[in-house]
1. Calculate I(q)/I(0) for the chain by the Debye formula, one identical point scatterer on each C-alpha and no solvent, and give its log10 at q = 0.07 Å⁻¹ to two decimals.
2. Most mobile of Lys223, Lys18, Lys32 per a Gaussian network model of the chain (Cα springs, under 10 Å)?
3. Who wins for biggest fluctuation among His207, His216, His19 in a Gaussian network model of the chain, springs between alpha carbons below 10 Å?
4. Listed highest first by mean packing, meaning other Cβ atoms within 10 Å per residue, what order do 80-86, 110-116 come in?
5. So with the 1.4 Å probe, I'd like the accessible area per residue for the chain, rounded to whole Å².
6. Please get the size of the charge dipole for region 123-226, origin at its Cα centre, with Cβ charges of +1 on Lys and Arg and -1 on Asp and Glu, quoted in debye to the nearest 20.
7. Mind grabbing the accessible area of Thr149 for me, 1.4 Å probe, Å², rounded to tens?
8. Through the Karplus equation 6.51 cos²θ - 1.76 cosθ + 1.60, θ set to phi - 60°, convert the phi angles of region 284-301 into ³J(HN,Hα) values in whole Hz; use x for Gly and Pro.
Amino acid sequence: MFSYRHAFHAGNHADVLKHMALVAVLRHLALKDTAFSVLDTHAGAGLYRLDGQAARTSGEAGDGVLALLPAQSGEADESPPLPAALADYLGVVQDCASRHGPRAYPGSPFITAALLRPDDRLKACEVHPTDAKLLAQNLESLGRGRQITALREDGFGVVRKFWPPPSRRGLLLCDPSYEIKSDYERVPQLLEEALKRFATGVAAIWHPIIPRPEAHQLPKRLKALAQQAGKPWLYATLAVGGEAPKRLPGQAKAPTRLRASGVFIVNPPHTLAGQLRAALPVVTQRLGKDRHAGFQVLTQG
């Protein structure tokens, strides 16, 4: 149950998609004066080292965020300006590195913390014993007091405790590892509960795109729930392609590497589709490995 550690995958192409969308949603929420709250159901450790052993073992950040940052990609100063959503996301990453070390990468709690205003709130949940401890330490180091709370508990159960937020403005972020097959059942259940409790809240759900029936069905189930509730939705995917890793001598099976993922958002900002449609072609061009690379941004409502 506790084998997944996001430190091995921090800054990969899936994080690029998820965190670029997260930054855009948070910026939109901050346009109104009324405070908002973020409930992060699977927060991980919150902060990662891309020069740490875990990240170096996988090398996934090198094919993700590090390939997008100007200093890493060899991008010339006269290059065309990046699309706004991509530039904003990379700016948050670079600001994190300036504060926490040149190879620090912010997970969703640190991205959220960077964009909160004084009256906004974050509750970040993590059940993995090691990552929950790291999350609490990392968030405490920010010195934000009760504005930011780390909770060691199953994120699938927190909607009933904390949703809706007192301000009636908020974002629910759900990105489990899906290493347990039951996650594919619990995610739609969480969205259904969230919509019943707070139909106007923003809900963002990340998922891997892998050759499993339940993974294929998940976005369809999420769309059906949003449609039944009469709420608009956005579904963005990013595929980088590339050959599957080969099995090495002594390995029981070939290692797996994620090559595509998606983010499904209920009640998305009206500007988000345009922002992602402008940014994802650039991301795909820089991170794509072959003809299987691509993206899509679908909307309804």
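1. Treating every Cα as an identical point scatterer, log10 I(q)/I(0) equals -0.24.
2. Of Lys223, Lys18, Lys32, the most mobile in the Gaussian network model is Lys32.
3. Looking only at His207, His216, His19, the largest GNM fluctuation is found for His216.
4. For the peptides 80-86, 110-116, the packing ranking is 110-116, 80-86.
5. Accessible surface, normalised per residue, equals 47 Å².
6. 480 debye
7. Result for Thr149: roughly 40 Å² accessible.
8. Result, ordered by residue: 5, 4, 7, 9, x, 9, 7, 5, 7, 6, x, 8, 8, 9, 10, 9, 8, x Hz.
The values are calculated or read from the model by the stated rules, or taken from the named source; none is laboratory data. Values in this document were obtained by computation on a predicted structure and should not be read as measured data. Cβ: placed from backbone, ideal geometry, glycine included. Neighbour counts: every protein chain shown. Calculation scope for accessible area: heavy atoms of the full protein, side chains included, ligands and nucleic acids excluded. Shrake-Rupley method; radii C 1.70, N 1.55, O 1.52, S 1.80 Å.
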